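See below for the structure under consideration.
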Amino acid sequence: MIHKFKLRDHNILLDVNSGGVHIIDDITYDLLDHIKPPFDDKCPQGVIEELSKNYPVGDIEECYGEIKELYDEKLLFTEDDYERFALTSVASPIKAMCLHIAHDCNLRCEYCFASTGDFGKGRKLMTFETGRKAIDFLIKRSAARKFLELDFFGGEPLMNFDVVKQIVEYARSREKECGKTFRFTITTNGMLLDDDKIDFINREMSNVVLSIDGRKEVNDRMRKRVSGSGSYDRIVERFKRFVPVRGDKDYYVRGTYTKYNLDFSNDVMHLYDLGFDQISVEPVMAEPTEPYAITEEDLDTIFKEYEILLDKILKVREQGGHINFFHFMLDLDQGPCAIKRLRGCGCGNEYVAVTPDGDIYPCHQFVGIEEYKMGNLDEGTFNEDIKNEFAATHVYSKPECRSCWAKFYCSGGCNANNYIYAGDIHNAHKLSCSIQKKRLECAIMMQALKLMDTEE
Amino acid sequence: MKHIKTINKANLKKTAEKGGCGKCQASCQSACKTSCTVANQKCEKDA
């Protein structure tokens, strides 16, 4: 399978199954519309006649020869033979956990998928006892995995920070005896960040996700305090204090864009202008009836906006600056292995979420969906059937993904979005797919330009 | 080649044979939390 597209005056050709990326000229681009394997030694006469209206015959034949050469070397139209790996893979150890340390929040963001913090289940804080059980569960279920990931999530985790500290201390105390290394992360709206918390987070957390949507008017329209006033002024002041002392540890400022700010490249640039260079801004996920929801009719605008964002980021780079935009990150030479790419995030199989009640779900987005409740820490229950279902959920078990060029980049998309908006974890959520594919084209283009620069 | 410029190592096939060690990060934990982009994760096989 191949995928080709035009962007920024370049034609890009992706060989899906090998991951090969090529820059091609217009003749090759058009010729590929007319030919497919197996290839004869000579270009078919009918194709030459058709294309000779626009191109010299000698060039067409030359292009054909180059395509055939790459095909013969198994660099183009390579076969998809990964399904055997998907079918033989067995359920994995659990190595990552999203710990819902607080089902409560001090903001009332309009688009919150967690029903402004409580996931529709009432406002609650996790006790240390439940957190300890979660750590024990993760250690026990992680088998031989050395690195264990634990994300403190909410609601707003800083509302229960003493318990965060206790859980970190407990987990660290068990690392040596169990041969494990915990990698803690935290996702926060920043409202309660202070110097003590900043010190602790910088010491203990390998990554921090700081929620902010961008420009003040954009952020404050959706990310409101309980009183209804905006959160921008306070969080910007806290984040500006936090990031410079972060050292070499990872962080992202992470925003959500909605129908209200389809010009979101301005928000990315605003965040950069504030002094942040690790940035993720993502489309809101919402029922189409919500006024802020992104719908099919917005897609053309969004596609153009990603191209504008690409231009802006490249311009920053030309001027000696740097923006790391999460969804444009891609390593075309040494990204994740093909096996990793078959299953995506690993939710429900190697990744679970735990609520303040000790309930276990496949991930934070499934919390509250009873059908997918996997068990409870207090009761000592865990539904292996659900885990096995997720272990068997991969790009080859999703009909729309099988034939999609992007399957080894998004790995079948978000199972929760598939379930919530497309009715089944195996159904593609088409709106997400459309946006994902455009982001990938921009990401591939950006990396291709980088590699070309390096060669020159 | 005159018409096609290959710009990376097309090595996905090779990674399948020796991959699957499971050491790399669960992708959703890194920044997104609402979408899924796996290809931007790092391989941590030798970490």
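The values are calculated or read from the model by the stated rules, or taken from the named source; none is laboratory data. Quick caveat, the model's predicted, so the values are computed rather than measured. FYI the Cβ positions are ideal-geometry reconstructions off the backbone, even for glycines, and counts take in every protein chain you see. For accessibility, only protein heavy atoms count, side chains too; no ligands or nucleic acids. Shrake-Rupley method; radii C 1.70, N 1.55, O 1.52, S 1.80 Å.
Results, tabulated for the structure shown:
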| quantity | calculated |
| --- | --- |
| Charge tally in the Cβ shell below 14 Å around B:Ala39, where Lys, Arg are +1 and Asp, Glu are -1, B:Ala39 excluded | +4 |
| Euclidean distance of C-alpha centroids, segment A:308-361 and segment A:198-244, integer Å | 21 |
| Cβ neighbours within 10 Å from other chains - mean over A:357-366 | 1 |
| Nearest 10 degrees, 0 to 90: helix A:161-178 Cα axis against chain A principal axis | 70 |
| Accessible surface ranking that places the most exposed of A:Glu66, A:Glu371, A:Glu61 first, with a 1.4 angstrom probe | A:Glu371, A:Glu61, A:Glu66 |
| Per-residue average of Cβ from other chains inside 10 Å of A:16-26 | 5 |
| Accessible surface buried once B binds A (1.4 Å probe; total of both sides; Å²) | 5200 |
| Cα-based helix-to-principal-axis angle, A:57-72 vs chain A, degrees rounded to 10 | 50 |
| Among A:Pro283, A:Leu299, A:Phe77 - extreme Cα towards positive end, dipole of chain A, charges at beta-carbon | A:Pro283 |
| Accessible area in the full protein assembly, largest first, 1.4 Å probe, for A:His103, A:His3 | A:His3, A:His103 |
| Percent carbon-and-sulfur accessible area, the protein assembly as shown, ignoring ligands, DNA and RNA, probe 1.4 Å | 48 |
| Global form of the protein assembly as shown, assessed from the alpha-carbon gyration tensor, a/c cut-off 1.5 | prolate |
| Three-way shape call for segment A:1-100 based on the alpha-carbon gyration tensor, with the a/c threshold at 1.5 | prolate |
| Relative contact order computed over chain A (Cα-Cα under 8 Å; 6+ residues apart), in percent | 14 |
| Cα-based helix-to-principal-axis angle, A:299-318 vs chain A, degrees rounded to 10 | 90 |
| Accessible area (Å², 1.4 Å probe, nearest 10) - A:Ser434 | 30 |
| Accessible area, probe 1.4 Å, largest first, for residues A:Met1, A:Met445, A:Met285 | A:Met1, A:Met285, A:Met445 |
| Rounded to the nearest 20 debye, dipole of chain A from Cβ charges on Lys, Arg, Asp, Glu | 2000 |
